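*Asks:* What follows is a single structure, and I will ask about it in a moment.
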Amino acid sequence: MIEKGAFLMKKVELVNIGKSYDQKTNVIQDINVTIEPGEFFVLVGPSGCGKSTMLRMIAGLEEVTQGELLIGDVKANKLLPSQRDLSMVFQNYALYPHLTVEQNILFGLHTKKISKQEQQKRCREAAEMLGLSEYLKRKPRQLSGGQRQRVALARAIVTHSPICLMDEPLSNLDAKLRAKMRSEIRQIQRKLGITMIYVTHDQTEAMTMADRMMILNEGNIQQVGRPLDIYNAPKNTFVASFIGSPPMNLSNVSIENNLLVFEDRRAISMSTPHSNLNGKKEVVVGVRPEHIQLATNDNTSFIVEVDNVEILGTETLLTFHMGDKQWMAKWNGQWTIKVGERVPIFIDPKHLFLFDGDTGSCLHYEPSTEDLTVKGALV
Amino acid sequence: MSAVTKTANSPVSVSANSKEKKSMPTIIVGLAYLLPSLLLFSVFLFYPMIKTLYLSLFITDTQGNPLNFVGLQNFLYLFTDPNFLQSMKATFLFVLYTVPIGLVIALFLALIANEKLKGIGFFRTMFSSTMGMSVAASSVIWMFMYNPTIGVINKVLNLVGIHDVQWLLDPKYALVAVSISTIWMNIGFTFLILLGGLQNIDEKLYENARIAGVSYWYQLLKITLPMLSPTLFFIITVSFINAFQTFGQIDILTKGGPTDSTNVIVYSIYKDAFVNYNVGSASAQATILFFCILLVTALQFKLGERKVHYQ
Amino acid sequence: MSITRKWTTYLLLIAATLVLMFPILYAFSISFMSGAEVLEGKIWPSSFSFENYRDAFEKVPLLHYLINSFAVSIFVMAGQLLVSSLAAFAFVFIKFKGRDAIFFLFISTMMIPWEATMVPNFLTAQKLGWINNYLGLTIPFFALAFGTFLLRQQFKTIPNELYEASQVAGISRFRFFWNVVLPVSKTSLVTLGVYSFLTTWNMYLWPLLVTNTEDVRTVQIGLKQMQTQEISTDWGVVMAAVVVVILPTLLLLFLGQKRLQKGLTQGAIK
């Protein structure tokens with residue numbers, strides 16, 4: 001049994017990190033973040049945002065062109081990958097087809113100068129933890145995608161490295177398997193106390209797995225923080241629409257007399273006049289689908305015509321037009337609504353976000369006051 | 001197919017049969033496209049192969065016409081003929097000298113040319129350049145270099161105190177000399193194939209090794225060579241077969257001599273058929289060549305398949 | 001990678017290039033030297049002169065040989081492209097019984113060493129009157145199993161829907177072949193064409209057998225002939241001739257090296 005804290009914990013610091021391939025244009029710039037020891041940290045963003053490159057810079061597979069990288073308080077820019085005391089799990093697993101599962105797991109372990117017995121012991125423990133004990137003598141081509149993924153994970157674990165880097169490890173698995181592995185990876189990380197830096201383009205993975213996450217777009221940090229904090233207080237329209245499924249509804253509005261007026265001249269009132277809008281008249285309003293409710297008689301914000309209905313069993317998604325965009329509402333339960341029906345909806349102004357029309361940055365929002373906890377049940 | 005009438009009231013629509021072309025059965029069309037190839041193969045490959053096998057069982061006249069049926073006598077004679085045995089020895093030695101060494105050198109070149117360095121494209125082109133050299137041209141150049149008096153090779157050896165070597169005239173060295181020039185000629189092709197094989201290896205396998213911290217040699221032995229095995233297998237097979245079929249450089253450099261030390265099998269066939277007009281014997285040797293190659297290929301497939309690691 | 005590793009690699013690369021290219025560079029160098037300089041054993045000419053080249057063309061019918069080689073190589077290239085593409089087309093787009101058996105037959109031709117057939121082939125060529133004739137040098141080589149495989153591989157990437165659409169539109173098979181399949185496969189055809197040209201240009205044994213006069217002698221045999229003439233000791237002239245012979249193929253190789261490597265690798269591994 002591997003005990004918690006058996007792995008020495010280390011933190012990773014990025015100070016003004018930037019990356020450029022041709023000394024002219026930067027693919028990544030001004031990255032400043034400290035990843036705490038034992039933290040599950042997720043780098044998330046759309047394809048091409050630079051998250052993989054950043055991970056590879058931490059690994060030492062790519063050169064850091066600007067800034068300082070510190071691993072465990074030691075400057076690591078010039079260190080070889082093998083000197084950084086980390087392990088890595090690749091998207092396509094990078095298993096050696098000609099070696100058995102056991103040999104794959106133990107690959108390279110001999111460089112850590114531990115005895116053969118210790119190597120075998122670690123292999124057994126890792127295999128047990130990941131349910132691979134029966135497959136040790138098999139070759140990768142005899143395993144399923146999910147099993148191969150576990151072998152890659154086992155290979156990382158046996159190194160007992162304090163930092164583990166994962167580059168989109170689940171993207172080649174089907175949705176069900178992904179959900180299962182997400183939970184398993186998280187549990188293993190908690191159990192072993194490894195600092196895990198995890199790259200993904202899937203915001204669901206980020207939200208469910210991260211202690212904290214960093215959202216990247218085009219090489220720039222959009223926001224860093226805990227998942228719920230980001231969800232409830234996105235700093236700009238990019239984060240607002242990237243995190244959350246279905247994404248936050250956004251529309252251009254103009255402010256007239258304390259009203260937010262949409263392009264089709266419908267309007268909703270703002271809760272209180274705001275001073276930090278800098279006199280802006282053109283803003284972007286945002287509201288999450290779950291905050292668009294069926295109106296009760298005296299509380300209607302708008303009447304909308306339903307364009308599309310999707311019933312998912314636990315909830316119903318309605319699509320309708322709002323201003324210049326199509327918005328979605330998410331209601332709990334299975335609602336019978338026909339396309340074309342006119343439905344009254346209510347949006348509580350306190351759920352409105354206001355973003356700058358030019359920069360996209362958040363101008364105003366009201367912090368969430370929800371605080372749901374379970375009081376100890378009476379036995 | 002005729003169009004079906006809809007109802008009794010509507011006019012009967014006549015089938016379009018009269019307009020439809022009767023399409024030829026596909027087998028005829030298929031064979032038509034294959035005809036040129038099949039014809040040429042039949043005339044210039046299958047027929048001659050069979051004829052060779054046939055002629056090997058006869059004693060022939062100088063025109064190549066079979067005279068007396070002698071069964072396997074030609075073969076039996078060959079197996080006791082010192083000339084033929086010498087020829088086989090020369091051929092096997094030649095294969096032994098050229099295939100392994102050529103492979104190792106080309107592999108070395110492929111490994112260093114596979115690195116991501118600036119200007120590596122130039123070096124890759126340079127290393128493949130021997131592929132653009134014909135056997136005749138290469139042989140003439142090497143002939144000049146092997147020249148005992150003014151050849152550059154002996155000049156260099158003289159510098160380190162070695163006397164002029166009669167590269168092409170000394171039975172001890174002639175086969176080695178031809179082998180060296182053959183290795184040189186084949187490097188371009190072997191290099192290109194091996195380079196292609198190296199580039200097909202997943203980069204991430206090496207990245208993982210770098211993170212683990214294994215040495216360059218460990219990576220070479222445990223990752224590169226195993227992953228390269230399909231390519232190695234292919235190249236060894238092709239090199240073997242090519243080596244058996246060597247002719248051009250022998251014709252220019254040594255003409256089979258001195259004292260038959262470089263009289264490899266194809267040259268021997270050529271001499272017997274076109275210089276000595278002994279078509280029966282030549283055909284028997286050609287038959288032996290055919291079976292040798294068949295055996296080598298079959299062996300390599302059997303052995304190779306087991307060891308090759310496919311992904 | 002580390003600095004030492006980088007420089008060691010560069011060193012090895014340069015050293016290997018020098019050793020490997022030496023014979024070729026040496027031949028170039030000698031071709032510009034005078035006879036006296038060659039006998040002195042110098043490596044580099046003191047002055048560059050094209051005299052050897054002039055001699056090569058005058059003392060030996062080099063131009064004639066070049067034209068022959070060029071003609072033969074072009075014919076064989078065209079022939080191989082046509083015959084192989086027709087066959088590849090049949091294997092991919094025309095489904096008929098026995099197609100697989102015939103394909104297996106094609107594979108078997110790769111097993112037959114050409115040298116085992118050369119004697120009867122010579123006799124055949126003789127009977128047909130193809131000795132000392134372009135026909136004898138070209139036609140036997142039009143059918144190429146390797147070429148058929150290469151093109152078959154390429155043709156298979158053409159979606160069958162394209163073919164079906166052409167059938168529905170009433171276009172004949174041949175039209176489809178000529179106007180759709182061939183243009184789309186240009187790259188593979190070029191690769192095969194270059195390969196054909198190169199291998200035919202370099203052919204030795206067969207041209208040796210079927211030419212015994214100067215009429216259609218190719219340039220490779222021309223080189224060999226020079227060994228029997230008095231200029232065989234005039235190494236400067238000989239090297240000039242060699243350079244002329246290798247120049248076209250070296251150029252082709254340098255231009256198409258990347259393409260060739262990819263094409264060969266695909267053919268090898270598949």
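*Asks:* Run the simple label-point estimate for residue B:118 and residue B:220 please: 7 Å along Cα→C-beta, distance reported in nm.
*Replies:* Going from the residue B:118 label point to the residue B:220 one covers 2.7 nm.
*Asks:* When the Cα centres of segment C:199-232 and segment C:79-134 are compared, how far apart do they sit, in Å?
*Replies:* After rounding, the separation between the Cα centres reads 25 Å.
*Asks:* Something else: Evaluate peptide C:163-175: per residue, the Cβ atoms of other protein chains within 10 Å of its Cβ; return the mean as an integer.
*Replies:* 1
*Asks:* Let me ask another. Using only Cα atoms and rounding to the nearest 10 degrees, what angle (0 to 90) does helix A:116-129 make with the longest principal axis of chain A?
*Replies:* 30
*Asks:* Kindly put C:3, B:293, C:107 in sequence by how many other C-beta atoms sit within 10 Å of each C-beta, fewest to most. All intermediate terms of the calculation are to be shown ahead of the outcome.
*Replies:* Details: C:3 7, B:293 19, C:107 11.
By the 10 Å Cβ count, ascending, the order reads C:3, C:107, B:293.
*Asks:* Let me know the charge dipole size of segment B:74-175 about its Cα centre in debye, to the nearest 20, where only the beta-carbon of Lys, Arg (+1) and Asp, Glu (-1) is charged.
*Replies:* The dipole magnitude comes to about 360 debye.
*Asks:* Another one. Rank C:110, C:87, C:147 by how far each Cα sits towards the positive end of the charge dipole of segment C:61-228 (+1 on Lys, Arg Cβ; -1 on Asp, Glu Cβ) and give me just the farthest.
*Replies:* C:87
*Asks:* Taking θ = phi - 60°, what integer Hz values does the Karplus form 6.51 cos²θ - 1.76 cosθ + 1.60 yield along segment C:173-182, in sequence order, with x for Gly and Pro?
*Replies:* 4, 5, 4, 4, 4, 6, 8, 10, 4, 4
*Asks:* While we're on this one: For chain A, build the charge dipole from Cβ charges (+1 Lys, Arg; -1 Asp, Glu) around the Cα centre, then report which of A:42, A:114, A:323 sits farthest towards its positive end.
*Replies:* Of A:42, A:114, A:323, it is A:114.
*Asks:* Using alpha carbons only, how many angstrom separate the centre of segment B:85-99 from the centre of segment A:9-28?
*Replies:* With segment B:85-99 and segment A:9-28 each reduced to a Cα centre, they are spaced 60 Å.
*Asks:* Taking every pair of alpha-carbon atoms in the protein assembly as shown, give the share separated by more than 50 Å as a whole percent.
*Replies:* Of all Cα-Cα pairs in the protein assembly as shown, 45 percent lie more than 50 Å apart.
*Asks:* Checking the table A:113/B:116; C:59/C:224; A:176/C:156; C:59/C:127 against a 26 Å threshold on Cα-Cα, which pairs fail?
*Replies:* Pairs exceeding the cut-off: A:113/B:116; A:176/C:156; C:59/C:127.
*Asks:* Where a ≥ b ≥ c are the square roots of the eigenvalues of the C-alpha gyration tensor, would you call chain C rounded, which needs a/c under 1.5, or, failing that, prolate if a/b is larger than b/c, or oblate?
*Replies:* oblate
*Asks:* Here's something else I'd like to know. Segment A:319-373 to segment A:114-155: how many Å between their Cα centroids?
*Replies:* With segment A:319-373 and segment A:114-155 each reduced to a Cα centre, they are spaced 47 Å.
*Asks:* From Cα pairs below 8 angstrom and at least 6 apart in sequence, can you work out the relative contact order of segment A:254-379, rounded to a whole percent?
*Replies:* About 27 percent, as a whole number.
*Asks:* Report the full-extension gain for the segment residue A:368 to residue A:24: residue separation times 0.36 nm, less the Cα-Cα distance, to one decimal in nm.
*Replies:* 119.6 nm is the gain from fully extending residue A:368 to residue A:24.
*Asks:* Within 10 Å of each residue's Cβ, count the other Cβ atoms and sort C:94, B:28 from fewest upward.
*Replies:* B:28, C:94
*Asks:* With a ≥ b ≥ c the root eigenvalues of the C-alpha gyration tensor of segment B:81-307, is it rounded (a/c under 1.5), prolate (a/b larger than b/c) or oblate?
*Replies:* oblate
*Asks:* How much FRET efficiency would the formula 1/(1 + (r/R0)^6) give for residue A:314 and residue A:375, where r is the Cβ-Cβ distance and R0 is 30 Å, rounded to 0.05?
*Replies:* Efficiency at R0 = 30 Å is approximately 0.75.
*Asks:* With the cut-off at 26 Å, tell me which of the pairs A:235/B:204; A:112/B:204; A:19/B:118; B:302/C:95; B:255/C:42 have Cα atoms farther apart than that. List each step's numbers first, then the result.
*Replies:* On the way: A:235/B:204 36 Å; A:112/B:204 21 Å; A:19/B:118 20 Å; B:302/C:95 32 Å; B:255/C:42 29 Å.
Beyond 26 Å: A:235/B:204; B:302/C:95; B:255/C:42.
*Asks:* Here's another thing I want to ask about it. Taking every residue in B:209-220, how many Cβ atoms of other protein chains lie within 10 Å of its Cβ, on average?
*Replies:* So the per-residue partner count for this stretch is 6.
*Asks:* In whole Hz, what ³J(HN,Hα) sequence does segment B:239-251 give by Karplus (6.51, -1.76, 1.60; θ = phi - 60°), x for Gly and Pro?
*Replies:* Per residue, the Karplus-derived 3J(HN,Hα) values read 4, 4, 5, 4, 4, 5, 9, 5, 9, x, 5, 5, 4 Hz.
*Asks:* Using the charge dipole of the protein assembly as shown (Lys, Arg: +1 at Cβ; Asp, Glu: -1 at Cβ; taken about the Cα centre), state which of A:93, A:77, C:239 has its Cα farthest towards the positive end.
*Replies:* A:93
*Asks:* In nm, what is the difference between 0.36 nm times the number of residues separating residue A:63 and residue A:187 and their Cα-Cα distance?
*Replies:* In short, 41.4 nm is gained.
*Asks:* OK, next. Under a Cβ-Cβ cut-off of 10 Å, what is the net charge of the residues other than residue A:303 that fall near it, where Lys and Arg count +1 and Asp and Glu count -1? Working shown, then result.
*Replies:* Numbers: positive: A:266, A:342; negative: A:305.
Value of the local net charge: +1.
*Asks:* Please report B:202, A:371 as a ranked list, fewest other C-beta atoms within 10 angstrom at the top and most at the bottom.
*Replies:* Placing the least packed residue first, the sequence is A:371, B:202.
*Asks:* Tell me, what ³J(HN,Hα) does each residue in segment A:51-62 have, in order and in whole Hz, if you take phi through Karplus 6.51 cos²θ - 1.76 cosθ + 1.60 with θ = phi - 60° and put x for Gly and Pro?
*Replies:* Computed from phi, the couplings for segment A:51-62 are 5, 5, 4, 5, 4, 5, 5, 4, 6, x, 7, 10 Hz.
*Asks:* A follow-up question, please. Please identify the longest segment of chain C free of exposed chymotrypsin sites (Phe, Trp or Tyr not before Pro), where exposed means a DSSP state other than H, G, I, E or B and no more than 13 other Cβ atoms within 10 Å. Don't jump to the answer; show the numbers that get you there.
*Replies:* Numbers: sites that count: C:48, C:50.
Result for the longest clean stretch: C:51-270.
*Asks:* Place a +1 charge on the Cβ of each Lys and Arg in chain C and a -1 charge on the Cβ of each Asp and Glu, then give the dipole magnitude about the Cα centre in debye, rounded to the nearest 20.
*Replies:* The dipole of chain C has a size of about 1380 debye.
*Asks:* Residue A:92's amide H: which non-local residues (gap 5+, or another chain) put their own amide H closer than 5 Å, with H modeled 1.01 Å from N in plane and none for Pro or chain starts?
*Replies:* Residues meeting the amide H criterion: none.
*Asks:* With +1 assigned to the C-beta of every Lys and Arg and -1 to the C-beta of every Asp and Glu, and no other charges, what is the dipole magnitude of segment A:12-232 about the Cα centre in debye, to the nearest 20?
*Replies:* Numbers: 29 positive and 24 negative charges, 215 e Å.
Magnitude of the dipole: close to 1040 debye.
*Asks:* Now for a different question. Once you average over the residues of C:243-254, how many Cβ atoms of partner chains fall within 10 Å of each Cβ?
*Replies:* Values: counts 2, 1, 5, 9, 2, 1, 6, 7, 1, 1, 9, 5.
Counting Cβ atoms of other protein chains within 10 Å of each residue's Cβ and averaging gives 4.
*Asks:* Under a crude label model (7 Å from the Cα following the beta-carbon direction), how far is residue B:47 from residue A:208 in nanometres?
*Replies:* With each label placed 7 Å out from Cα toward Cβ, I get 7.2 nm.
*Asks:* Please compute the modelled spin-label separation between residue A:34 and residue B:86, points set 7 Å along Cα→Cβ, answer in nm with one decimal.
*Replies:* Going by the 7 Å Cα→Cβ label model, 8.6 nm.
*Asks:* Oh, and also: What FRET efficiency do you get for residue A:256 and residue A:303 if R0 is 25 Å and r is their Cβ-Cβ distance, rounded to the nearest 0.05?
*Replies:* Efficiency computed from Cβ-Cβ geometry: 0.75.
Read the figures in this text as sums done on the coordinates, not as results from a lab. This one's a predicted model, so the numbers in the text were calculated from it and none came from an experiment. Here the Cβ is made from the backbone with ideal geometry for all residues, glycine too, and neighbour counts use every protein chain on show.
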